[in-house]
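See below for the structure under consideration.
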Amino acid sequence: MSGVYRSLSVSISLLAGLLAAQTGAPRRTVWDGAYAEAQAASGLTAFGQHCSRCHELTAEGKSPLVGDPFWKSFSQKSVGEVLEFVSTSMPNGAPGSLSESEYANIVAVMLKSNGFPAGKTDLGRRTAADVRIVPRDGGTELPANALARVVGCLARSGSDWVVLNATTPERAENAPKAGEDATRPLGSRAIPLKFVLTRLDSLAGSRVAVSGLLMGTGGADGINVTAVSRVAPKCP
């Protein structure tokens, strides 16, 4: 009988997933509770032992992990991506040296320190994979100083450069596969390019991809440019 119950359980889980997909169920966010309270308490101990020499669970100080620094690094990512980053990059000098539970606990206390509520389930690779890090109001704009990229049409604006029909700024590390920028739908924004250190005259009128630090939320004041590359000879 146990085999029957297992098969029934699997069928119910698959059906629930299918129904969620068909009804467009909203994706979970950090405001739904991505960690357990006891887990965050354990994370505070682990953080003190392995992380506090380089980081602080405050908005200021040495490499802070709370407030603007947190949003600049992790807004619009998933908790799973944060866990992956911490697991493979920390602690400094010995990345990957902690247990999986210690890394999960450290991410839990990071979330708690940023004001996100606790839930009933421990944070882990499976449970955190699709939990999005977004503002409470659900806003999707990247914050100022986030490393981002846009695609659009390069044009002159007086003595300066601007990207017209620009796409919504996205995380630079989430660049699409090669060739996709040449045909992807463009947007309606005009984003000024700031602190351009290379000549762009040969790219004028082209479709380009621009990477850099956002100036203002969503690049409202432009992009502090780090790289510009042509992705199609004509635009749009």
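The values are calculated or read from the model by the stated rules, or taken from the named source; none is laboratory data. Remember, predicted model here, so these are calculated numbers, not experimental data. FYI the Cβ positions are ideal-geometry reconstructions off the backbone, even for glycines, and counts take in every protein chain you see.
As a summary of the residue check, G218 satisfies the conditions (1) farther than 21 Å from S159 by Cα; (2) surrounded by fewer than 18 Cβ atoms within 10 Å (Cβ to Cβ) except for the one numbered (2).
Among the residues of the range 75-83, some residue qualifies, meaning at least one is assigned by TED's automatic domain parsing to the domain that holds M110 and more than 21 Å from A148 (Cβ to Cβ).
Among the conditions (1) surrounded by 19 or more Cβ atoms within 10 Å (Cβ to Cβ); (2) touching a residue at least 60 places away in the same chain (Cβ under 8 Å); (3) in a helix (DSSP H, G or I), the only one that Q76 does not satisfy is (3). Restricted to strands (runs of 3 or more DSSP E) entirely inside the range 145-211, those with at least 2 residues that are in contact (Cβ under 8 Å) with a residue 40 or more places away in the chain are 147-157, 160-166.
Listed here are the residues, each with its yes/no results for (1) within 21 Å of A146 (Cα to Cα); (2) surrounded by fewer than 18 Cβ atoms within 10 Å (Cβ to Cβ); (3) modelled with pLDDT under 95.
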{"position": "G3", "(1), (2), (3)": "no, yes, yes"}
{"position": "S9", "(1), (2), (3)": "no, yes, yes"}
{"position": "P26", "(1), (2), (3)": "no, yes, yes"}
{"position": "T29", "(1), (2), (3)": "yes, no, no"}
{"position": "A34", "(1), (2), (3)": "no, no, no"}
{"position": "A41", "(1), (2), (3)": "no, yes, no"}
{"position": "E60", "(1), (2), (3)": "yes, yes, yes"}
{"position": "P64", "(1), (2), (3)": "yes, yes, no"}
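Against the list (1) closer than 30 Å to T217 by Cα; (2) surrounded by fewer than 17 Cβ atoms within 10 Å (Cβ to Cβ); (3) among the hydrophobic types (A, V, I, L, M, F, W, C), the condition F116 fails is (2).
You will find that of R207, R184, R171, R149, the residue that is crowded, with 19+ Cβ neighbours inside 10 Å and under 29 Å from R27 (Cα atoms) is R149 and no other. If the condition is being over 18 Å from K112 (Cβ atoms) and of a type in the set (V, I, T), then the range 66-88 contributes only T88. Only residues that are farther than 18 Å from A232 by Cβ and exposed (fewer than 12 other Cβ atoms within 10 Å of the Cβ) were counted in the range 189-201, giving 3.
Listed conditions (1) of a type in the set (D, E, K, R); (2) closer than 17 Å to M215 by Cβ; (3) out of contact with any helix residue (DSSP H, G or I) (no Cβ under 8 Å at 6 or more places or on another chain) are all met by E173, apart from (2).
Consider V225 carefully, then state whether it is within 21 Å of K72 (Cα to Cα), among the aliphatic types (A, V, I, L, M), surrounded by 14 or more Cβ atoms within 10 Å (Cβ to Cβ) and outside the structural domain of W71 (by TED's automatic domain parsing). In short, yes.
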